[in-house]
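The values are calculated or read from the model by the stated rules, or taken from the named source; none is laboratory data. Keep in mind that what you see is a predicted model, and the values were worked out from it rather than measured. Note: ideal-geometry Cβ built from the backbone for every residue, glycine included; neighbour counts use all protein chains shown. Note: areas computed on protein heavy atoms with side chains; ligands, DNA, RNA excluded. Shrake-Rupley method; radii C 1.70, N 1.55, O 1.52, S 1.80 Å.
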Amino acid sequence: MSSPNYTIPKTQKAAIVPSVGGKLEIVEDHPVKQPKDLLPGECLVKLECTGVCHTDLHAAKNDWPVPAKTPLIGGHEGVGIVVAVGEHTQDSPVKLGDRVGIKWLAYSCLDCEPCRKGLEQVCYHGKYSGFTVDGTFSQYVVSWVSHVTPIPEGIDSTEAASILCAGITVYRAIKYSNTKIGDWIVLPGAGGGLGHLAVQYAAAMGLRVLAIDTGNEKRDLCLKLGAEKWIDFKETKNLVEDVKAATDGFGPHSAVITAANSEAFEEAIDYLRPGGSLMVVGLPGHGKLAADIFFTVTKSISILGSYVGNRQDAREALDIAARGKVKCYYVVKPLSALQETYEGLAKGTVVGRVVLNMQD
């Protein structure tokens, strides 16, 4: 069969942060890397859409202890079509015309100790979309054939987009939370972009879900998606006691913290039942994990950092979603809505996820 031929434009629309802490700019004439300039192992993907993640806001504001590159094209939840593969690429797992996803982990060496142990996401030589390399807030993006994720049939591109970061991240955290069918899991931030997916993955894995967030809209969404119980953190007088009361009086077996504030992590040590696990997922710009040492020891609490996911986690998370077990709650907006989306994320008013249409 002959390969499809694609016409690659010289320029594209892109959203760029020009300097550290700079104001987001939408430009129409950003260069597109041409197929002849791709290195072996690189591919060019024409994006259909991209999700917007809280991480993108952190990168744009440069409020993490590790700085992002500038000028920066953010974004790391892109779905599109492979339109070019670098010459002399050997044994490419993807071909022209394949629908693939671009996730946070853009590249890993696959040969350092973390990579060999399945922790590709903490590769010593890792590159990260929308952070250390340009990401998906542009119509075309360069990535690596070994790390783009094939998108299975049965899932729309707009829905797959947010699975590529938010979905993978919570799926892996629950997968390694040492829980089993019938255990209680508590999800602070359950109505947000990561949290509403966590509710569904946890329910699909047979866990009993206690959702924590605030507002009737988020409450209704969480209960519809499979949460068994709900606590509004703005209405509760004693969150720790209310969490214990809702989970048989002993507390949950695990807490997956996707909230971006340090208080949520501290409270979990108090309400987890003996032998419970605290999965540290959310990334406040600056925050310390304060755990009461006495009760962490005497309750045998496990504290585990869980950082996005590897290539296998990505395929598993997408497969579950493609089979209808997990649905992303999202709205589609144009790239020009990126700044207002950032403002909504900063205020905590975004319910579910925002996906940008990159075809307009």
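What to note about this one:
- Tyr107 contributes about 60 Å² of solvent-accessible surface, heavy atoms of the protein only, 1.4 Å probe.
- Dimensionless Rg over Rh [segment 204-360; C-alpha; Kirkwood]: 0.98
- Put a plus charge on the Cβ of each Lys and Arg, a minus charge on the Cβ of each Asp and Glu, and nothing anywhere else: the dipole of the chain about its Cα centre is then about 360 debye.
- Leading residue at positive end of dipole, segment 1-154 (Cβ point charges), from Tyr124, Tyr107, Ile73: Ile73
- Considering only alpha-carbon pairs that sit under 8 angstrom and 6 or more positions apart, the relative contact order computed for segment 152-237 is 25 percent.
- Taking the centroid of alpha carbons for each part, segment 1-65 and segment 87-131 are 17 Å apart.
- Modelled spin labels at Glu217 and Glu343, positioned 7 Å past Cα toward Cβ, are 1.5 nm from each other.
- Tyr6/Thr296 FRET efficiency (R0 45 Å; Cβ-Cβ; nearest 0.05): 0.25
- Exposure rank, largest accessible area first [Asp232, Asp270; 1.4 Å]: Asp270, Asp232
- The length gained on full extension between Lys224 and Leu39, counted as 0.36 nm times the residue separation minus their Cα-Cα distance, comes to 61.9 nm.
- Using Cβ point charges alone (K and R +1, D and E -1), the dipole size of segment 254-331 about the Cα centre works out to roughly 380 debye.
- Selected from Tyr330, Tyr201, Tyr176 as most flexible by GNM, with the chain as the system and alpha-carbon contacts under 10 Å: Tyr176
- Shown in residue order for segment 43-60 are the 3J(HN,Hα) couplings computed by the Karplus curve 6.51 cos²θ - 1.76 cosθ + 1.60 at θ = phi - 60°: 9, 10, 10, 8, 7, 8, 7, 8, x, 10, 10, 4, 4, 4, 5, 4, 5, 5 Hz (x for Gly and Pro).
- For Glu153 and Val66, a Förster radius of 51 Å and the Cβ-Cβ distance give a FRET efficiency of 0.85, rounded to the nearest 0.05.
- In the chain, taking the dipole from charged Cβ atoms about the Cα centre, the farthest positive-side position among Ala211, Val281, Pro150 is held by Pro150.
- Spin-label model distance (nm) - Leu119 vs Phe250, 7 Å beyond Cα toward Cβ: 3.1
- Antiparallel bridges, percent of DSSP beta bridges restricted to segment 214-360 (to nearest 5): 0
- Among 303-312, 54-63, the peptide with the highest mean count of other Cβ atoms within 10 Å heads the list, and the full ranking is 54-63, 303-312.
- Ranking by accessible area, most exposed first, for Thr247, Thr349, Thr132, Thr236 with a 1.4 Å probe: Thr349, Thr132, Thr236, Thr247
- Members of Lys234/Lys299; Lys180/Lys327; Lys103/Lys288; Lys117/Lys218; Lys13/Lys36 lying beyond 32 Å, as alpha-carbon distances in this model show: Lys117/Lys218
- Considering only Asp111, Asp134, Asp98, the Gaussian network model of the chain with Cα springs below 10 Å gives its largest mean-square fluctuation to Asp111.
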